[in-house]
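S.K.: Take this structure, written in structure tokens, and hold onto it; I'll ask about it next.
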Amino acid sequence: MGENTGTRKFRRVVLKLSGEALREPGSTDNICPPIVEDMAAQIKAAHQTGLEIALVVGGGNFWRGVSASNKGMERATADYMGMLATVMNSLALQSMLEAIDVPTRVQSAIEMKNVAEPFIRRVAMRHLELGRVVIFAAGTGNPFFSTDTTAALRASEIGADVVFKATKVDGIYDSDPNKNPNAKRYDCVSYHDCLTKQLKVMDATAFSLCEENHMPIVVFSMNEPDNIRKALVGEPLGTLVNSSGCL
């Protein structure tokens with residue numbers, strides 16, 4: 001295990017949020033406006049430093065395609081429904097960001113011109129250059145791919161410096177910390193170790209894509225106050241994943 005020291009410097013980032021993060025724990029509401037408002041405020045604070053920020057949000061607070069397919073629904077159809085759920089979450093984030101004067105664009109991998117732009121790589125990059133937050137909705141537009149893979153893909157396409165994955169835990173552990181009180185957290189770890197040791201914080205496709213494109217990943221907890229802002233501006237939170245396992 002290496003050490004995560006110093007302040008990271010990024011110009012353009014992709015932040016991956018789970019859909020469940022938009023829901024208050026224990027609530028039956030799919031989206032909790034105060035939680036989304038807090039996320040937006042932290043993103044704004046990081047954005048005001050000049051950072052170019054793109055977001056990918058899951059749809060698990062509304063629908064999980066894999067779970068539905070396990071109950072008998074045809075997998076591709078279930079996944080398309082999940083993609084539509086991500087669009088709803090993306091629009092909620094856009095609304096909260098624009099309410100606090102952060103210019104935002106939603107780009108959808110599934111065309112729905114009345115509510116979002118289509119995903120066009122060069123347009124997305126131009127939005128970022130002009131200081132707009134870009135939210136990538138509807139996954140990759142293809143079934144059988146997770147929103148983790150979407151984050152890895154879009155980050156590679158737009159030339160991001162890093163993928164941030166906000167989770168419920170404060171990094172990557174050698175075993176499930178909820179089941180093993182002696183689990184050890186990695187400060188930094190290689191893509192290879194994540195795959196061979198099956199450290200399942202992101203799926204294998206996302207890890208492999210980041211490895212092929214030399215895209216660092218930072219896995220951090222979003223449950224601590226202000227952690228989204230802290231991570232985005234470069235404070236050394238969580239676990240860094242890269243080729244060598246260390247900076």
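The values are calculated or read from the model by the stated rules, or taken from the named source; none is laboratory data. These numbers come from a predicted model, not from an experiment. Please note: Cβ atoms are built from the backbone with ideal geometry, for glycine as well, and neighbour counts cover all protein chains shown.
S.K.: Please verify whether residue 126 is in contact with a Lys or Arg (Cβ under 6 Å, 6 or more places away or on another chain) and of a type in the set (D, E, K, R), treating the condition exactly as stated.
M.R.: No, not satisfied.
S.K.: Moving on. Considering only the range 109-125, state which residues are within 14 Å of residue 54 (Cα to Cα) and without any contact (Cβ under 8 Å) to a residue 12 or more places away in the chain.
M.R.: So in the range 109-125, the residues within 14 Å of residue 54 (Cα to Cα) come out as 119-125.
Matches in the range 109-125: 122 only.
S.K.: Something else now. Could you identify the single residue in 187, 170, 176 that is under 20 Å from residue 233 (Cα atoms), surrounded by fewer than 20 Cβ atoms within 10 Å (Cβ to Cβ) and either out of contact with any strand residue (DSSP E or B) (no Cβ under 6 Å at 6 or more places or on another chain) or basic (Lys, Arg) (or both)?
M.R.: From the options 187, 170, 176, the qualifying one is 187.
S.K.: Give the residue that is surrounded by the fewest Cβ atoms within 10 Å (Cβ to Cβ), with candidates limited to residues of the range 206-244 that are of a type in the set (D, E, K, R) and over 18 Å from residue 146 (Cα atoms). I'd like the intermediate steps shown before the answer.
M.R.: Restricting attention to the range 206-244, the residues satisfying the condition of being of a type in the set (D, E, K, R) are 211-212, 224, 226, 229-230, 235.
Imposing the further condition that a residue be over 18 Å from residue 146 (Cα atoms) reduces the set to 224, 226, 229-230, 235.
Details: 224: 11, 226: 13, 229: 19, 230: 18, 235: 15.
This residue is 224.
S.K.: Taking residue 83 as meeting all but one of (1) surrounded by fewer than 20 Cβ atoms within 10 Å (Cβ to Cβ); (2) in contact with a Gly (Cβ under 9 Å, 6 or more places away or on another chain), write down the number of the exception.
M.R.: (1)
S.K.: With 102, 169, 123, 163 as the choices, which residue is outside any loop (DSSP other than H, G, I, E, B), over 22 Å from residue 214 (Cα atoms) and not hydroxyl-bearing (Ser, Thr, Tyr)?
M.R.: Details: 102 fails: outside any loop (DSSP other than H, G, I, E, B); 169 fails: outside any loop (DSSP other than H, G, I, E, B); 163 fails: over 22 Å from residue 214 (Cα atoms).
The conditions single out 123.
S.K.: Output the residue which, of all residues in the range 105-119 that are in contact with a strand residue (DSSP E or B) (Cβ under 7 Å, 6 or more places away or on another chain) and not small (Gly, Ala, Ser), is surrounded by the fewest Cβ atoms within 10 Å (Cβ to Cβ).
M.R.: Within the range 105-119, the match that is surrounded by the fewest Cβ atoms within 10 Å (Cβ to Cβ) is 111.
S.K.: With respect to residue 194, is the statement that it is within 21 Å of the chain's Cα centre (by Cα), modelled with pLDDT under 90 and not in a loop (DSSP other than H, G, I, E, B) true? Please lay out each step first, then the result.
M.R.: Numbers: within 21 Å of the chain's Cα centre (by Cα): yes; modelled with pLDDT under 90: yes; not in a loop (DSSP other than H, G, I, E, B): yes.
Yes: the conditions hold for residue 194.
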